[in-house]
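Report on the structure given below.
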Amino acid sequence: MQTITIKKSKSLKGEISVPGDKSISHRAIMLGAIAEGDSHISGFLEGEDNICTLNAFRLMGIEIERIKKGKLIIHGKGLNGLKEPFDVIDAGNSGTTTRLLTGLLAGQNFLSVITGDEYLRKRPMKRVIEPLSRMGAVIHGRDKGNLAPLVIIGRKLKAMDYVSSIASAQVKSAILLAGLFAEGITSVTEPVKSRDHTERMLKAFGADISVDGLKIKMKGGSRIMAQDMDIPGDISSAAFFIVAGLITKGSEILIKNVGVNLTRTGILDILKRMGGDIELLNERELSGEPVADILVKSSSLKGIEIESEDVPRAIDEFPILCIAASAAEGRTVVTGASELRVKESDRIATMGMELKKMGVKVEELPDGMIIQGAQGFKGPAPAGSRQGGARVQSHGDHRVAMSMIVAGLVTDGGTKVEDIVCIDTSFPGFLKKLSELGYRI
Ligand code: S3P
């Protein structure tokens with residue numbers, strides 16, 4: 001367990017890039033492995049979550065060469081090339097590894113077992129197991145098949161039409177990956193569009209897939225052909241610097257080469273509605289994904305209402321949005337966000353608890369929260385009579401850890417953030433990036 005003390009920061013200035021997109025990096029390994037031929041990948045995120053996905057495919061006999069940092073060659077073995085994993089697959093902290101792999105492995109002709117860390121083993125898996133069972137999958141788990149470790153007894157699957165009640169890219173992707181190995185046409189319909197990297201990448205790799213509004217249709221058995229990919233920077237990682245730039249007086253930050261897929265840019269729209277000065281420059285396309293440089297200047301933010309339609313496009317950004325809301329003038333109300341309760345931690349509870357320690361007035365709702373912002377740039381107020389010096393916890397959640405560090409940048413008295421090793425699950429080098437912007441660690 002590593003602890004850091006964050007002091008109030010002067011203005012943050014400069015140009016940075018952020019590591020590759022976590023969601024796209026997972027999918028690049030998965031599709032590269034089942035493609036025919038060699039896929040050359042650059043910009044791969046070497047965070048712990050993605051390394052778990054990479055190791056899982058190595059266990060299944062896929063050769064993956066690391067040329068240099070972020071640069072891989074995946075020697076794909078085609079749709080029927082995976083081998084029974086030689087050991088239990090360790091998904092670490094990664095929900096995406098677990099859920100997407102469960103879909104992909106359900107239709108293989110072998111047995112696999114997936115487990116993960118203490119946090120992952122508490123997260124609900126029924127959301128993928130239930131629809132996959134309808135396709136004929138046989139998957140066992142603890143808690144009547146809801147919790148990992150999961151035992152997947154691969155077998156022939158049949159296609160289905162699935163209407164999902166949750167906007168979840170992990171559920172959608174698990175079904176589509178299972179559908180690739182099923183006979184017939186599988187369709188998934190979502191209530192609100194979630195991130196669409198799986199659909200985009202399946203298409204680029206040659207799958208027979210079509211998207212019509214919220215419905216995606218895919219034909220089983222399509223040949224998947226190797227592709228070269230350059231993965232853009234992760235907007236979910238950029239979000240910490242976007243908010244840091246907005247709430248730290250006199251700041252100006254340019255974040256280069258960030259993925260700005262519309263299913264991911266909810267954070268930009270929400271922050272702009274709060275009064276954030278954010279500009280997209282040099283918009284272009286990279287390996288089938290929209291990309292831009294993001295220019296952020298410090299701004300006076302105001303509280304707003306965030307409702308359920310806004311949630312899926314910003315699902316991973318709520319911890320850092322809580323910090324923006326704490327630094328804003330007035331009240332921010334978040335509703336329709338009960339999915340936050342089943343992320344790496346219960347992010348409504350953990351953010352509520354930690355912000356209170358910093359003196360912020362927060363009220364927890366079953367599906368969101370109400371945050372009473374401070375005036376101007378005081379940011380999260382120092383805890384009560386102790387002038388700052390709050391001691392806060394990550395709860396093993398990488399995004400909570402980084403959010404509390406950003407809160408510390410605008411707080412007097414030194415904020416101690418405990419258990420920050422988890423940052424490496426998605427953003428190794430986070431603190432170094434902060435120092436590139438002028439913050440003295
Ligand atoms: C992800 C989807 C989201 C997100 C997670 C990554 C993905 O989860 O929170 O960090 O890569 O598909 P849900 O699909 O469960 O909302």
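Say whether the condition of being open to solvent by 10 Å² or more (accessible area, probe 1.4 Å), away from the ligand (no atom under 16 Å from the Cβ) and assigned to a helix (DSSP H, G or I) is met by at least one residue in region 63-73. No: region 63-73 contains no residue that is open to solvent by 10 Å² or more (accessible area, probe 1.4 Å), away from the ligand (no atom under 16 Å from the Cβ) and assigned to a helix (DSSP H, G or I).
Within the option set L79, L31, L45, being surrounded by 17 or more Cβ atoms within 10 Å (Cβ to Cβ) and part of a helix (DSSP H, G or I) holds for one residue only, L31. For D87, the stated conditions hold: it is at pLDDT 95 or above, surrounded by fewer than 22 Cβ atoms within 10 Å (Cβ to Cβ) and assigned to a loop (DSSP other than H, G, I, E, B). Number of residues in region 334-347 that are in a helix (DSSP H, G or I) and either open to solvent by 10 Å² or more (accessible area, probe 1.4 Å) or in contact with a Ser or Thr (Cβ under 8 Å, 6 or more places away or on another chain) (or both): the value is 4. Of the residues making up region 177-192, those that are away from the ligand (no atom under 16 Å from the Cβ), in a strand (DSSP E or B) and open to solvent by 10 Å² or more (accessible area, probe 1.4 Å) number 2. In the condition set (1) surrounded by fewer than 24 Cβ atoms within 10 Å (Cβ to Cβ); (2) of a type in the set (G, A, S); (3) on the phi < 0 side of the Ramachandran plot, G275 is compliant with all but (3).
Of all residues assigned to region 220-229, none qualifies as being within 16 Å of the ligand (Cβ to nearest atom) and among the β-branched types (V, I, T). Residues that are touching a strand residue (DSSP E or B) at 6+ places or on another chain (Cβ under 9 Å) and either acidic (D, E) or within 11 Å of T263 (Cα to Cα) (or both) within region 300-309 comprise E305, E307, listed in sequence order.
When we screen L100, L105 for residues that are part of a helix (DSSP H, G or I), away from the ligand (no atom under 13 Å from the Cβ) and open to solvent by less than 40 Å² (accessible area, probe 1.4 Å), the only hit is L105.
Residues in region 295-333 that are of a type in the set (A, V, I, L, M), surrounded by 20 or more Cβ atoms within 10 Å (Cβ to Cβ) and part of a strand (DSSP E or B): V296, I306.
Let's see how each residue does on (1) at pLDDT 95 or above; (2) assigned to a loop (DSSP other than H, G, I, E, B); (3) away from the ligand (no atom under 16 Å from the Cβ); (4) not hydroxyl-bearing (S, T, Y):
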site: P131; (1), (2), (3), (4): yes, no, no, yes
site: G136; (1), (2), (3), (4): yes, yes, yes, yes
site: I152; (1), (2), (3), (4): yes, no, yes, yes
site: R155; (1), (2), (3), (4): yes, yes, yes, yes
site: Q170; (1), (2), (3), (4): yes, no, no, yes
site: I175; (1), (2), (3), (4): yes, no, no, yes
site: R195; (1), (2), (3), (4): yes, yes, no, yes
site: K203; (1), (2), (3), (4): yes, no, yes, yes
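For T53, the conditions (1) open to solvent by less than 10 Å² (accessible area, probe 1.4 Å); (2) polar (S, T, N, Q); (3) in contact with a Lys or Arg (Cβ under 6 Å, 6 or more places away or on another chain) are fulfilled apart from (3).
Scanning region 34-55 for residues that are under 16 Å from A174 (Cα atoms) and either more than 15 Å from the ligand (Cβ to nearest atom) or not β-branched (V, I, T) (or both) yields one hit, I34.
Screening S133 against (1) among the hydroxyl-bearing types (S, T, Y); (2) open to solvent by less than 50 Å² (accessible area, probe 1.4 Å); (3) over 18 Å from E339 (Cβ atoms) leaves a single unmet condition, (2). Being among the polar types (S, T, N, Q) and either open to solvent by less than 20 Å² (accessible area, probe 1.4 Å) or over 30 Å from S251 (Cβ atoms) (or both) is a condition met by no residue of region 10-21. Within the group V163, V128, which residue is β-branched (V, I, T), open to solvent by 50 Å² or more (accessible area, probe 1.4 Å) and within 26 Å of A314 (Cα to Cα)? Just a single option satisfies the conditions, and that option is V163. Taking region 139-149 only, how many residues are within 16 Å of the ligand (Cβ to nearest atom) and either within 25 Å of L79 (Cβ to Cβ) or buried (at least 22 other Cβ atoms within 10 Å of the Cβ) (or both)? Within region 139-149, residues that are within 16 Å of the ligand (Cβ to nearest atom) and either within 25 Å of L79 (Cβ to Cβ) or buried (at least 22 other Cβ atoms within 10 Å of the Cβ) (or both) number 1.
The values are calculated or read from the model by the stated rules, or taken from the named source; none is laboratory data. Please read these numbers as outputs of a predicted model, since none were measured by experiment. Positions of Cβ are generated from backbone atoms using ideal geometry, with glycine treated the same way; all protein chains shown enter the neighbour counts. These accessible areas exclude ligands, DNA and RNA; they are computed on the full protein's heavy atoms, side chains included. Shrake-Rupley method; radii C 1.70, N 1.55, O 1.52, S 1.80 Å.
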